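Trainee: Take a look at the following structure, please.
Each value in this text was obtained by applying a stated rule to the coordinates, not by laboratory testing. Since the model is a prediction, treat every value here as computed from it, not as a measurement. Neighbour counts run over all protein chains shown; Cβ positions are idealised from the backbone, glycine included.
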Amino acid sequence: MCAAGREPVLGGFREEAAAWLHRLGSDQWQRPYPADRLLAAIEAGSVFMVTDGDVTAATITLDAQAEEGLWTDQELGEPSLFITKLTVARSHAGRNLGGRLLDWASDRAYRAGAKWLRLDAWTTNEGLQRYYLRQGLEHVRTVRGGVAVNGGPRVSGWLAQRRTWPAKHGFQDTTSPPTRRSSQV
């Protein structure tokens, strides 16, 4: 596990995932992701990559900020970290990297003092939703309608969470330790 700093690698990574999702019949990630938002997440230190030698095998964004309009004020008042853009390279699929990344994120969130690991998933991607349920997340609710942060219609509003805990994930984490926090607000 290493901190990311290569925007072109991550952009290409997302394009590969979007093409795979399209072949599966999903409309997820078919709109280009704003490069300025990706760069801001990298500069904030919230984008992480799993490397296998010189190959990027997976990536995840773990952030203290939730997308606007998804979580209640009460939920935002609870110490939480939010997962977005969890992606595994097709060359590394079937190795449980996604599950291990969720465990890594849970462990990191726990060490940062967060009670919850939360995410929002594509509302029409039922396969992804079932995957997250198998990984121990619980569905909270589905938010439909509204406008996403990037100005388009909200398409990612299936909300799920699980409590954080110290987890064995098997990654060699070369990132800085997480900053302790008490709440989102």
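Trainee: Tell me which residues come under 5 Å, amide H to amide H, from residue 167 once H is placed; ignore anything under 5 positions away on its chain.
Mentor: 107
Trainee: Starting from the amide H of residue 115, placed 1.01 Å from N in the peptide plane, find each other amide H under 5 Å away whose residue is 5 or more places distant or on another chain.
Mentor: For residue 115, whose amide H was placed from the backbone, the distant partners under 5 Å are 80.
Trainee: Follow-up. Calculate, axis by axis, the spread of Cα positions in region 36-147 along the three principal axes, and write the results as whole Å, longest axis first.
Mentor: 42, 31, 29 Å, listed from the longest principal axis down.
Trainee: Sorting 84, 175, 142 on the 10 Å Cβ count, fewest up front, what's the list?
Mentor: Lowest to highest Cβ neighbour count: 142, 175, 84.
Trainee: Further, regarding this structure: Neighbour counts of other C-beta atoms within 10 Å: give me 73, 52, 107 arranged from fewest to most.
Mentor: Neighbour counts put them in this order, fewest first: 73, 52, 107.
Trainee: Related question: For region 72-78, take each phi angle, set θ = phi - 60°, evaluate the Karplus expression 6.51 cos²θ - 1.76 cosθ + 1.60, and give the result in whole Hz per residue in order, putting x for glycine and proline.
Mentor: Once θ is set to phi - 60°, the couplings for region 72-78 become 6, 4, 4, 5, 5, x, 8 Hz.
Trainee: Separate question: Which whole-Hz ³J(HN,Hα) couplings does region 96-110 yield from phi under the Karplus relation 6.51 cos²θ - 1.76 cosθ + 1.60, θ = phi - 60°, glycine and proline marked x?
Mentor: Values per residue, Gly and Pro as x: 6, 5, x, x, 5, 5, 4, 5, 4, 5, 4, 4, 5, 5, 4 Hz.
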